[in-house]
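Peer 1: Got a structure for you, written out below as structure tokens; questions coming shortly.
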Amino acid sequence: MWFFLFILALAALAGLHFWWRAKFSALQGRHAAELDSSQRRQQQNSVDAQAQQKTLFDSMLEGLLLLDRNRKIHLANRAFKNLFGLKAELRGKTIVEALRIQELDGLLQRAETEQQVLDYEIKLPGLGERWLQVNAAAITNAAGEREGTILVFHDLTRLKRLERQREEFVANVSHELRTPLSLIKGYVETLLDGARNNPEVAERFLKTIERNANRLDLLIQDLLTISALESGRMTLDLQPVRLRALVDKVFSHLQTKAEIKNVVLVNEMPEFTANGDANRLDQVLSNLVDNAIKYGRTDGCLVVGGNTLADGAIEVFVRDDGPGIPPEALDRVFERFYRVDKARSRDQGGTGLGLSIVKHIVQAHGGEVRCESELGQGATFFFTVPAK
Ligand code: ADP
């Protein structure tokens with residue numbers, strides 16, 4: 001009996017052992033599977049986070065560079081590579097190896113020691129002036145230890161160019177205003193000093209004062225027009241404009257001027273109808289015809305005509321047989337205050353803004369301007385305007 005009970009207990013114990021082992025290994029298996037899936041989930045999350053981070057960094061307009069604590073590149077985003085025209089892998093390189101800009105090394109040293117975001121401007125060497133603004137800051141961990149450095153690069157070139165254009169414009173305007181103004185002042189002072197007692201001299205001086213006052217007036221009008229056109233404040237009153245009739249109108253206004261130089265005005269414009277602002281197109285044609293008379297030759301001939309282009313637009317041309325424009329000036333004549341011959345333009349009462357206004361008005365109509373010329377063979381100005 002005792003023996004039988006002993007065998008039974010042994011069998012029960014063995015059963016319990018196998019049951020427990022089976023259960024334990026199942027538990028272990030489940031645990032391992034869970035661990036494995038959690039690890040895979042973690043890996044996936046980390047891959048996803050990295051992909052998200054890359055997309056985020058690559059969508060930035062600013063160039064971004066992350067350096068590790070040894071000043072080696074850890075990450076460079078797409079904008080950074082584009083900014084410097086780099087294609088090769090940058091990871092592991094120093095900033096000087098990657099960019100060859102020594103002065104950035106000094107900025108890095110400062111960023112590591114100073115507890116603030118540094119702001120720095122650099123001019124890139126090489127062809128075509130380029131400016132960058134660089135912000136640099138140290139990256140620290142929770143314990144306050146330096147982990148690396150972050151650098152953000154903004155392209156300042158466009159802003160710098162605009163700033164320089166604005167400065168040049170202000171300098172040009174001041175100069176243009178000062179010239180007639182100082183002449184007016186000078187003549188007024190001479191008149192007050194006694195010249196007014198000689199009627200002949202006084203008359204001559206007063207005429208010069210009047211001429212310069214008119215020039216100032218013209219300049220201010222042109223400046224206001226340019227400013228309205230550039231700021232987009234000027235709206236076009238689009239309507240059908242009969243171009244041949246418009247050319248006749250412009251010719252009749254400038255007839256006296258043409259006669260003084262014995263210039264023949266020829267209207268070869270077909271009966272085209274444009275879709276444009278009649279007053280603004282009048283301004284464009286008047287400027288071009290006025291220039292052709294002013295800068296064309298005495299006893300010359302001036303022709304205005306037009307063609308239709310493949311896209312249906314109308315191309316108007318104003319052709320003279322004067323001295324023409326040198327090749328290097330062909331594009332520049334449309335810039336504000338650019339003159340091929342400064343003295344000649346001033347003698348003719350020019351403001352240097354006429355062609356710039358022409359360009360703006362034509363562009364506002366969705367058209368284009370250009371000029372063709374050979375020295376000594378005259379100049380032809382073209383502009384396009386939509387047909388009705
Ligand atoms: P401006 O007030 O000096 O006439 P514009 O902007 O109208 O200013 O013209 C710019 C410059 O282009 C002129 O100063 C002149 O040197 C040149 N130019 C314009 N039209 C002609 C032309 N038909 N023939 C030769 N030169 C011209």
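The values are calculated or read from the model by the stated rules, or taken from the named source; none is laboratory data. Just so it is clear, the structure is predicted and the values come from calculations on it, not from any experiment. Neighbour counts are summed over all protein chains in view; Cβ atoms, including those assigned to glycine, are modelled from backbone coordinates with ideal geometry.
Peer 1: Examine the range 171-180 for a residue that is touching a residue at least 40 places away in the same chain (Cβ under 8 Å), in the same structural domain as Lys93 (by TED's automatic domain parsing) and either of a type in the set (Val, Ile, Thr) or in a strand (DSSP E or B) (or both), and state whether such a residue exists.
Peer 2: No: the range 171-180 contains no residue that is touching a residue at least 40 places away in the same chain (Cβ under 8 Å), in the same structural domain as Lys93 (by TED's automatic domain parsing) and either of a type in the set (Val, Ile, Thr) or in a strand (DSSP E or B) (or both).
Peer 1: Still on this model: Mind listing just one residue for me: the one in the range 353-377 that is among the charged types (D, E, K, R) and surrounded by 14 or more Cβ atoms within 10 Å (Cβ to Cβ) and, of those, farthest from the ligand (Cβ to nearest atom)?
Peer 2: Checking each candidate, the answer is Glu368.
Peer 1: (1) surrounded by 21 or more Cβ atoms within 10 Å (Cβ to Cβ); (2) within 28 Å of Arg242 (Cα to Cα); (3) in contact with a Lys or Arg (Cβ under 9 Å, 6 or more places away or on another chain): which one isn't true of Phe382, the others all being true?
Peer 2: (1)
Peer 1: Since Phe317 meets every condition but one in (1) part of a helix (DSSP H, G or I); (2) within 13 Å of the ligand (Cβ to nearest atom); (3) buried (at least 17 other Cβ atoms within 10 Å of the Cβ); (4) touching a residue at least 60 places away in the same chain (Cβ under 8 Å), which condition does it not meet?
Peer 2: Status for Phe317: all satisfied but (1).
Peer 1: To continue, here is another question. Return the residues of the range 322-336 that are more than 19 Å from the chain's Cα centre (by Cα) and either within 8 Å of the ligand (Cβ to nearest atom) or surrounded by 20 or more Cβ atoms within 10 Å (Cβ to Cβ) (or both); say none if nothing qualifies.
Peer 2: Selection gives Gly322, Pro323, Gly324, Ile325, Ala329, Val333.
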